[in-house]
Amino acid sequence: MRVIGVEMKGNEANICLLEQTGNLFSLPDCRIRRLNLVDINSAEQLRDFQFAFKKLVEDYRVDKIVIKQRQPKGKFAGSAHGFKMEAALQLIGDSPVHIVSQNDIKTALKEHPMPIHFADTGLKMFQETAFISAFVGCWLS
């Protein structure tokens, strides 16, 4: 099973591709680590963002997309960019999209501890939350 973990941060979607075979996990090479949406008022740019992500899902034969949920209000609230990008990904339709909350992540990590420290993955620091989301997504039905 191949899972893409996504974290929306500002106008960027940070991405991590994770593959699970039984209880073994691997991090296949992925040509994209993040996608940007510069102008949220441009329908063309939103379509381009959605097309680029859909192409990524098709090319890497992704089975599931897992997005870390952002808070809708408060100090750490998500921006309009993030909510539009999230909606664009949910409307792709080729792979199931799961939104996971911080509580879902904590619960899943208690039941299924990560077999490797993030520092040992070789991923960039900005991909850590996307990596954790992808890992948790492997246990979602």
Fill in the blank from the handout: Filter the stretch 92-108 for residues that are touching a strand residue (DSSP E or B) at 6+ places or on another chain (Cβ under 9 Å) and among the small types (Gly, Ala, Ser); the one that is modelled with the lowest pLDDT is Ser95
Problem - Conditions (1) within 16 Å of Leu35 (Cα to Cα); (2) of a type in the set (S, T, N, Q); (3) part of a loop (DSSP other than H, G, I, E, B); number of the one not met by Thr129 - result: (3)
Practice task
Would you check which residues across the stretch 64-91 are in a loop (DSSP other than H, G, I, E, B), surrounded by 14 or more Cβ atoms within 10 Å (Cβ to Cβ) and either at pLDDT 80 or above or not small (Gly, Ala, Ser) (or both) and list them?
Solution key: Gln69, Arg70
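Every residue, every condition in (1) touching a strand residue (DSSP E or B) at 6+ places or on another chain (Cβ under 7 Å); (2) touching a residue at least 60 places away in the same chain (Cβ under 8 Å); (3) under 16 Å from Ala80 (Cβ atoms), yes or no:
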residue	(1), (2), (3)
Gly5	yes, yes, no
Gly10	no, yes, yes
Leu17	yes, yes, no
Ile32	yes, no, no
Val38	no, no, yes
Ser42	no, no, yes
Leu46	no, no, yes
Ala52	yes, no, no
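The values are calculated or read from the model by the stated rules, or taken from the named source; none is laboratory data. Since we're looking at a predicted model, the values are computed, not measured. We place every Cβ from the backbone using ideal geometry, glycine too, and count neighbours over all the protein chains shown.
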